[in-house]
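Asker: So that we are looking at the same thing, I have put the structure below in structure tokens.
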Amino acid sequence: MRLHFIGVGKMGLPMALHLRASGADLSVSDFEPGRRAIAAELGLAVAADTAIALQQAAGVFSSLPHDAALLAVAAQVAAHARPGAFWVDTSTVSLTASAQVAQICAAAGIEHVRTTVSGNNKMAEAAQLTVMASGPRTAYDRVLPLLQRWGPNQFYLGETEQARLMKLVINLMIAQTSAMLGEALTLGRKGGLDWHDMWCVMGASAVASPIVKAKSAQLSERDFSATFTVNQMIKDLDLILGAASEHQVSLPQTALTRQLMDAARAHGDADADYAAIIKAVERSAGLST
């Protein structure tokens, strides 16, 4: 099967590599020359002309950074992909933009599957992503064998924007976990508890969720190098709050977390891991970071 993958960033690249490993005849493209160069170094076929690649592909995949990129790619897919082709998009975007893209695809005869994923780039590389999909059920069934290359768990959630909303629900919980850790660790540190001891005890306690365990090794050494940045989390929190407004849901704790992320960014942590929200809480308590 000939496939084309648009957007080979930190998440898209490993997902594309897994598709190639499945035996697919895969080409890729990206808006950024640097990402195209990395893909070529790893042996992926970089398309010289995206329009031609779309015309030749039975299916299109994409991993894009925001609404504007999704809408731009939707225009390309609608103009150049052949009717009956499928398009699997994994981007975290607004419900409004996603619904608009679904209409564009329907008009062009493209089967559009919204396929969000939960996990970071390391989990993508290890094929340990959780896949959440929505769109036409027949299209989902068609692409499921390919989605299974990305991880052990796939969930079909409905015909429209359920996968996009589910991704925002999960990221809300991830953001709130980081805010919770900030308050708990700051209280412990201000009261004299050892930073490393706190992580050891939390990891053996009832609060040792998978995300707390995943962050423990890195953060116990106060390593805030990014798997997902403060800037990226701010973008997702804005999407979450936008969806909440659309559905008339009050999210006061999430709004406060968004403000704390702003505080982290203001102190130079925009490109640090989103867990740098912990340092924002520490600063508010007069602790050095």
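Only the coordinates and a few stated rules stand behind these numbers; no lab work does. Predicted, not measured: the structure shown is a model, and the values here were computed from it. Because the Cβ atoms are built from the backbone with ideal geometry, glycine has one as well, and the counts that use them run over all protein chains shown.
Asker: Sort ILE277, ILE234 so the one with the fewest other Cβ atoms within 10 Å of its own Cβ comes first.
Answerer: ILE234, ILE277
Asker: Also, quick follow-up: Between the range 128-172 and the range 30-58, how far is it from one alpha carbon centroid to the other, in angstrom?
Answerer: 24
Asker: Return the ratio Rg/(2.2 N^0.38 Å) for the range 75-160, where Rg is computed over Cα atoms only.
Answerer: Compared with the compact-globule rule of thumb, the range 75-160 sits at 1.08.
Asker: Over 19 Å between Cα atoms, which of LYS215/LYS279; LYS215/LYS235; LYS190/LYS279; LYS10/LYS122 qualify?
Answerer: LYS215/LYS235
Asker: Now for a separate question. Which of PHE155, PHE5, SER134 sits closest to the plus end of the dipole of the chain, meaning its Cα is farthest towards the positive end, when Lys and Arg get +1 and Asp and Glu get -1 on the C-beta?
Answerer: Of the options given, the answer is PHE155.
Asker: Which order do CYS105, CYS200 fall in if you start with the one that has the fewest other Cβ atoms within 10 Å?
Answerer: Final ranking by Cβ density, sparse to dense: CYS200, CYS105.
Asker: Please report, to two decimal places, log10 I(q)/I(0) for the range 143-227 at q = 0.10, 0.14, 0.22, 0.25 Å⁻¹ as given by the Debye formula with identical point scatterers on the Cα atoms and no solvent.
Answerer: -0.38, -0.65, -1.10, -1.28
Asker: Give me the dipole magnitude in Debye, nearest 20, for the chain about the Cα centre, with unit charges on the beta carbon: positive for Lys and Arg, negative for Asp and Glu.
Answerer: Rounded to the nearest 20 debye, it is 260 debye.
Asker: Oh, and also: Using the Cα atoms as the points, what is the convex hull volume per residue of the range 165-284 in Å³?
Answerer: Cα-based convex hull of the range 165-284, divided per residue, equals 104 Å³.
Asker: Which residue fluctuates most in the GNM of the chain (Cα springs below 10 Å): ASP67, ASP141, ASP271?
Answerer: ASP141
Asker: At q = 0.17 Å⁻¹, what is the base-10 log of I(q)/I(0) for the range 1-104 according to the Debye formula with one equal point scatterer per Cα and no solvent? Please give it to two decimals.
Answerer: With one equal scatterer per Cα and no solvent, log10 I(q)/I(0) is -0.71.
Asker: Let me ask something else about it. Rounded to the nearest 20 debye, what is the charge dipole size of the range 2-159 about its Cα centre when +1 sits on each Lys and Arg Cβ and -1 on each Asp and Glu Cβ?
Answerer: 200
Asker: Sorted from fewest to most neighbouring beta carbons within 10 Å, what does the list PHE228, PHE155, PHE5, PHE61 look like?
Answerer: PHE155, PHE228, PHE61, PHE5
Asker: Alpha carbons only, please: Rg and Dmax for the range 28-176, in angstrom.
Answerer: Expressed in Å, the Cα Rg and Dmax of the range 28-176 come to 14.9, 44.
Asker: Can you give the alpha-carbon Rg of the chain over 2.2 N^0.38 Å, where N counts its residues?
Answerer: Dividing the Cα radius of gyration by 2.2 N^0.38 Å gives 1.06.
Asker: Which of the listed residues, THR50, HIS80, ALA24, is farthest toward the dipole's positive end in the chain, when Lys, Arg count +1 and Asp, Glu count -1 at the beta-carbon?
Answerer: Towards the positive end, the residue furthest out is ALA24.
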